[in-house]
Amino acid sequence: MQEFKESFDTLLWVKLETNDHEKWLFKRAEKYIKKLAKIPGIEMIAIVNSLSMYATHKDSDIDLFIVTKPNMIWFVRFFSTLILWRHGVWRKNEDIAGNFCLSFFITTESMDFREIAIQDDIYLYYWTYYMKPIISNNDTYEEFLKKNTWVQIDETQKSENIKYMIQKWENHYIMPWLYRRMNRFFKHFLHMKSMQTYLSIWSPKGVIISDTMLKFHNKDKREVIRDNILKKNFDK
């Protein structure tokens with residue numbers, strides 16, 4: 001996949017350094033991610049997509065990738081959405097710029113992305129390559145990389161990624177069994193709505209709804225990006 005890096009960077013306007021707008025977006029992201037870090041069950045929060053690639057424009061949002069403990073994904077989804085909504089920074093369809101998109105949650109049981117990769121998944125490869133972790137508890141980012149050795153992240157890029165990482169303090173004030181019961185409640189509350197939305201947009205392949213992965217990319221462009229890059233390289 002590394003041989004496609006130049007084409008990928010050119011196609012998606014990836015830069016080597018952040019501009020002033022992206023520096024502001026990163027500060028904004030860190031501010032609100034620290035609020036999300038207080039939610040029990042979160043193991044990792046990373047910035048992904050255009051901001052992690054330094055490829056934003058003035059209307060870009062902030063995409064977050066969140067990893068949770070097992071049996072906590074619905075609990076974390078509910079409270080992360082609630083917190084961002086209460087602060088007025090949760091992305092709405094008509095209000096995108098600078099706000100947060102919560103479209104990808106997994107548990108630590110689903111960190112091997114070969115399970116969701118399409119053939120020659122160039123976008124997923126570089127999505128992982130450029131990921132910027134902000135919160136990492138119990139060395140979750142390192143474990144994520146071990147599960148995804150098919151993505152060849154060199155030491156220079158790895159150092160660039162973890163520059164933003166801070167360790168999260170984990171509290172244990174409430175018993176884990178109560179968290180699990182609340183997770184089941186929020187699953188009942190959210191699952192039906194998620195499935196209704198999924199079916200209403202004709203079950204796109206970029207959407208996954210399960211107890212270990214919640215992926216809401218209803219406009220999955222991986223195949224288009226892959227085909228454009230492969231065509232460009234084969235035409236050389």
Exercise. Val224 fails exactly one of the following numbered conditions: (1) of a type outside the set (D, E, K, R); (2) at pLDDT 80 or above; (3) surrounded by 14 or more Cβ atoms within 10 Å (Cβ to Cβ). What is the number of that condition?
Worked result: (3)
Exercise. Considering Ala37, Ala46, which residue is modelled with pLDDT of 95 or more, within 30 Å of Arg181 (Cα to Cα) and within 17 Å of the chain's Cα centre (by Cα)?
Worked result: Ala46
For this session: Among residues belonging to segment 186-209 that are within 11 Å of Trp74 (Cα to Cα) and touching a residue at least 40 places away in the same chain (Cβ under 8 Å), point out the one that is surrounded by the fewest Cβ atoms within 10 Å (Cβ to Cβ).
Result: Phe189
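Per-residue answers, yes or no, for (1) of a type in the set (S, T, N, Q); (2) farther than 23 Å from Val151 by Cα; (3) without any contact (Cβ under 8 Å) to a residue 24 or more places away in the chain:
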site: Lys15; (1), (2), (3): no, no, no
site: Glu30; (1), (2), (3): no, yes, no
site: Ile66; (1), (2), (3): no, no, no
site: Ile73; (1), (2), (3): no, yes, no
site: Ile83; (1), (2), (3): no, yes, no
site: Gly88; (1), (2), (3): no, yes, yes
site: Ala97; (1), (2), (3): no, yes, no
site: Met111; (1), (2), (3): no, no, no
Exercise. Ser103: hydroxyl-bearing (Ser, Thr, Tyr) and more than 26 Å from Glu223 (Cβ to Cβ), yes or no?
Worked result: no
For this session: Mind counting the residues in segment 160-170 that are of a type in the set (Phe, Trp, Tyr) and either under 26 Å from Ile118 (Cβ atoms) or touching a strand residue (DSSP E or B) at 6+ places or on another chain (Cβ under 9 Å) (or both)?
Result: 1
Exercise. Do we have Val76 as over 20 Å from Leu12 (Cα atoms), in contact with a Gly (Cβ under 6 Å, 6 or more places away or on another chain), crowded, with 23+ Cβ neighbours inside 10 Å and at pLDDT 95 or above here?
Worked result: yes
Seminar exercise, completed: Of Gln152, Gln157, the only residue that is part of a helix (DSSP H, G or I) and either in contact with a strand residue (DSSP E or B) (Cβ under 6 Å, 6 or more places away or on another chain) or of a type outside the set (Ser, Thr, Tyr) (or both) is Gln157
For this session: Considering only residues that are of a type in the set (Phe, Trp, Tyr) and exposed (fewer than 14 other Cβ atoms within 10 Å of the Cβ), look in segment 1-45 and name the one that is farthest from Lys132 (Cα to Cα).
Result: Trp13
Exercise. How many residues, within segment 195-225, are of a type in the set (Ser, Thr, Tyr) and either at positive phi or under 18 Å from the mean Cα position of the chain (by Cα) (or both)?
Worked result: 3
Exercise. Looking at (1) touching a Pro at 6+ places or on another chain (Cβ under 7 Å); (2) at positive phi, which is the only condition Glu109 fails?
Worked result: (2)
Exercise. Which one is surrounded by the most Cβ atoms within 10 Å (Cβ to Cβ) among residues in segment 87-100 that are modelled with pLDDT under 95 and not in a loop (DSSP other than H, G, I, E, B)?
Worked result: Trp90
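Evaluate segment 53-72: report whether one residue or more is within 20 Å of Ser136 (Cα to Cα), part of a helix (DSSP H, G or I) and among the β-branched types (Val, Ile, Thr).
The answer is no; no qualifying residue exists.
The values are calculated or read from the model by the stated rules, or taken from the named source; none is laboratory data. For clarity, every value in this text was computed on a predicted model and none was experimentally measured. Cβ: placed from backbone, ideal geometry, glycine included. Neighbour counts: every protein chain shown.
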